[in-house]
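Engineer: Pasting in a structure now, in structure tokens, and then I'll have a few things to ask.
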Amino acid sequence: MGAVNLLEAMRIVNPKARFYQASTSEMFGQIREPAQSETTPFYPRSPYGAAKLYAHWMTVNHRESFGLHASSGILFNHESPLRGIEYVTRKVTDAAARIKLGRQSGLKLGNIDARRDWGFAGDYVEAMWLMLQQDSGGDYVVATGRGATVREMCCIAFDHVGLNYEDHVVIDPLLFRPAEVDALLGNPSKAREKLGWSAKTTLEQLVAMMVDADLRRVESE
């Protein structure tokens, strides 16, 4: 409802303003195509995805009904050293740092074979800005186009500090989602063609950046 309140305020007070809706790849949920684009049908598998889908469609509705400059960025997983510790990427990079420094011995994870399209948040913010520079609003998938499993990400993170993830990662069935999203992979061709945007940071560079930041955090504790 927050997005709708903002759109209504914009429609009433300043219809020439520009609006960005933070949509999400979680709206795709149970995927209908191997790589998800702006035309892929949605099938959210979580309350978060369902709520985001409502805000997404209300953004489309306000753009089409009232001519507002309203854009939705359908962002796939975007990470950085600022990511909250409750997210799997930071859980992994923080654990790699703590285990390397002798502050922790193991890491409990759920489904490490879930596959995601991970990119650097800094790259994705540039895509958000570019959407708002266009003559009219639109919907854009923002992704790297590369998929990787949580297992692969663990391998990259632990390798970065000279460790084998298999010696430290423990699978905990209690951490599995009740309605799992097995794989998400973005098709960012529209963003590349219309915005001139593409991801600059590789997964290896991103994970190394996050592990190094966590090493500095843990060392300073």
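Engineer: Place a +1 charge on the Cβ of each Lys and Arg in region 2-220 and a -1 charge on the Cβ of each Asp and Glu, then give the dipole magnitude about the Cα centre in debye, rounded to the nearest 20. Don't skip to the end; give the middle numbers.
Structural biologist: On the way: 25 positive and 26 negative charges, 86 e Å.
The calculation lands at about 420 debye.
Engineer: So for each of 3-15, 96-108, 49-61 I average, over its residues, the number of other beta carbons within 10 Å; can you give me the resulting order with the highest mean first? Display every interim value, and only then the final one.
Structural biologist: Working: 3-15: 13.9, 96-108: 16.5, 49-61: 18.4.
So the peptides 3-15, 96-108, 49-61, ranked by packing, come out 49-61, 96-108, 3-15.
Engineer: Considering only C-alpha atoms, what is the centroid distance from region 193-221 to region 118-155, in Å?
Structural biologist: The distance from the Cα centre of region 193-221 to that of region 118-155 comes to 13 Å.
Engineer: Now for a different question. Using only the Cα atoms of the chain, build the gyration tensor, take square roots of its eigenvalues as a ≥ b ≥ c, and label the shape rounded, prolate or oblate: rounded if a/c is under 1.5, else prolate if a/b is larger than b/c, else oblate.
Structural biologist: Details: a/c = 2.19, a/b = 1.91, b/c = 1.15.
Cα axes put the chain in the prolate bin.
Engineer: Determine the dipole magnitude for region 26-77: charges of +1 sit on the beta-carbon of Lys and Arg, -1 on that of Asp and Glu, nothing else is charged, the reference point is the Cα centre, and the result goes in debye to the nearest 20.
Structural biologist: Numbers: 4 positive and 4 negative charges, 22 e Å.
Dipole magnitude for region 26-77 comes out near 100 debye.
Engineer: Here's another thing I want to ask about it. Starting from the amide H of Ser72, placed 1.01 Å from N in the peptide plane, find each other amide H under 5 Å away whose residue is 5 or more places distant or on another chain.
Structural biologist: When sequence neighbours closer than 5 places are left aside, the close amide H contacts are Gln21, Gly138, Asp139, Tyr140.
Engineer: In addition: Under the rule of -39500 (n - 2.57) per DSSP H run of 4 or more residues, summed and divided by the residues of the chain, what mean residue ellipticity at 222 nm is obtained, to the nearest 500 deg cm²/dmol?
Structural biologist: Working: 6 runs with 85 residues, N = 221.
When only DSSP H runs of four or more count, the value is -12500 deg cm²/dmol.
Engineer: For Arg151 and Asn61, compute 0.36 nm times the residue count separating them, minus their Cα-Cα distance, and round to one decimal in nm.
Structural biologist: Details: separation 90, 0.36 × 90 = 32.40 nm, distance 3.94 nm.
Gain on stretching Arg151 to Asn61: 28.5 nm.
Engineer: Let me ask something else. Can you spot the lysines whose alpha carbon is less than 25 Å from Lys16's alpha carbon? Ignore those fewer than 8 places along the same chain.
Structural biologist: Qualifying lysines at Cα under 25 Å: Lys52, Lys190, Lys194.
Bear in mind these aren't lab numbers, they're just calculated from the coordinates by the rules spelled out. Keep in mind the model is a prediction, meaning the values are calculated, not measured. FYI the Cβ positions are ideal-geometry reconstructions off the backbone, even for glycines, and counts take in every protein chain you see.
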